[in-house]
Amino acid sequence: MISSENQHKQKALPLPSPRHVAIIMDGNGRWAKNRGKLRIFGHQAGFRSVRRAVSLAISYRFDALTLYAFSSENWKRPTQEVSSLMELFIQALDNEVKSLNKYNVRLRIIGDISRFGERLQECIRHSEALTYNNNGLALNIAANYGGRWDIIQGVRHLASQVQDGILLPYQITEDALCRVVCMNELSPVDLVIRTGGEHRLSNFLLWQIAYAELFFTDVLWPDFDEAVFEGALNAFAQRERRFGGTRTNDTHAV
Ligand code: FPP
């Protein structure tokens, strides 16, 4: 279960608050190692943090929450860890989708799911179909996802339109590419949070986060809780977003 209804009462947030938050969930392995446990134990604890983050995102009334669960590079991990993660994804979808549906969450998996086993692909199709008409939180799980893959699949789409004579090369614009990358119908990503102490993007949403604010914390993903989330939202509220323009009160800027 994602959480009880009571916990989804709207929470007051520092303003401005983001509409779309994306999270690089890092540190499960180290969290497990610190406890002398196998890495999969960290991923299971990480999944409990996923539930917490989704419940909070519902309470915060975000439009969208996007979570980096498995990158296109994560196949390089030991076979045992990869297969345990696949099993965890199947269990997570099986156990949570009804409750996501009850809370009006629309679940989508972004990434190339064709490389997953048939059972996981079937679970994904079922979960997406069940929640398709929901208009509450848009929950996007990036799985076998890479920002470069995302841009390439968009470029291929446009190239085939050029080949079919639907589009002229000069019509390949920022707007045109925006319309074919993942999550094109959602509000732009405002804030990217990365846990686990690293200060990099690791091929996550490269196109979509051109103007997102970035927040890095040393907290390991299984320890991510309401206080850490609100720390990130407080930091976001302090930022002045200029989108390439000048400061709002900088009237003398040349
Ligand atoms: C990164 O930590 C975490 C992952 C690659 C897997 C994320 C998976 C979950 C949080 C659980 C399931 C999620 C869903 C949405 C069903 P790491 O292993 O790289 O940690 P380390 O840097 O400490 O080694």
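The values are calculated or read from the model by the stated rules, or taken from the named source; none is laboratory data. These numbers come from a predicted model, not from an experiment. Neighbour counts run over all protein chains shown; Cβ positions are idealised from the backbone, glycine included. The accessibility values were calculated without ligands, DNA or RNA, using every heavy atom of the protein model including side chains. Shrake-Rupley method; radii C 1.70, N 1.55, O 1.52, S 1.80 Å.
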Starting from one equal scatterer on each C-alpha and no solvent at all, send me the Debye-based log10 I(q)/I(0) for segment 1-111 at q = 0.15, 0.22 Å⁻¹, two decimals. -0.73, -1.32
Quick calc: nm separation of the 7 Å Cα→Cβ label points for Gln121 and Arg200 -> 3.1
Could you pull out every residue, at least 5 positions away or on a different chain, whose amide H is within less than 5 Å of the one on Arg106? Hs are placed 1.01 Å off N in the peptide plane, and Pro or chain starts have none. Gly136, Leu137, Ala138, Leu139
Given a 1.4 angstrom probe, I'd like the percentage of the accessible area of the chain that is carbon and sulfur, rounded to a whole number. 51
Helix-only CD estimate at 222 nm, as mean residue ellipticity for the chain, using -39500 (n - 2.57) per DSSP H run (n ≥ 4): -13000 deg cm²/dmol
Could you order the peptides 69-81, 47-59 from most to least packed, using the average number of other C-beta atoms within 10 Å per residue? 47-59, 69-81
Over the Cα atoms of segment 171-254, compute the convex hull volume and normalise it per residue, giving Å³. 148
Once you compute Rg and the Kirkwood Rh from C-alpha atoms, what is the Rg to Rh ratio for segment 117-207? 1.02
Where does the Debye-calculated log10 I(q)/I(0) of segment 130-171 sit at q = 0.15, 0.22, 0.25 Å⁻¹, using only Cα point scatterers of equal weight, no solvent? -0.62, -0.78, -0.82
Which distance in nm do the two modelled labels at Arg179 and Gln238 give, with both placed 7 Å along the Cα-to-Cβ direction? 4.1
Using θ = phi - 60° and the Karplus curve 6.51 cos²θ - 1.76 cosθ + 1.60, what whole-Hz ³J(HN,Hα) does each residue of segment 90-102 get, with Gly and Pro shown as x? 4, 4, 4, 5, 4, 7, 9, 4, 5, 6, 4, 4, 4
Please give every one of the lysines within straight-line cross-link reach of Lys11, meaning a C-alpha to C-alpha distance under 26 Å, and leave out same-chain neighbours fewer than 8 residues apart. Lys98, Lys102
I'd like the distance separating the alpha-carbon centroids of segment 169-209 and segment 90-164, in whole Å. 16
Evaluated at 37 °C and 0.692 mPa s, the Stokes-Einstein D of segment 49-154 based on the Kirkwood radius over Cα pairs, in µm²/s, stands at 230
Quick one: Debye curve from the C-alpha atoms of segment 96-153, no solvent, what's log10 I(q)/I(0) at q = 0.13, 0.26 Å⁻¹? -0.35, -1.02
With a point put 7 Å past each Cα toward its Cβ, work out how far Ala227 is from Ile113 in nm, to one decimal. 3.7
Quote the relative contact order of the chain in percent (integer), defining contacts as alpha-carbon pairs under 8 Å separated by 6+ residues. 27
Looking at the P(r) of the chain, how many percent of alpha-carbon pairs lie beyond 33 Å? 21
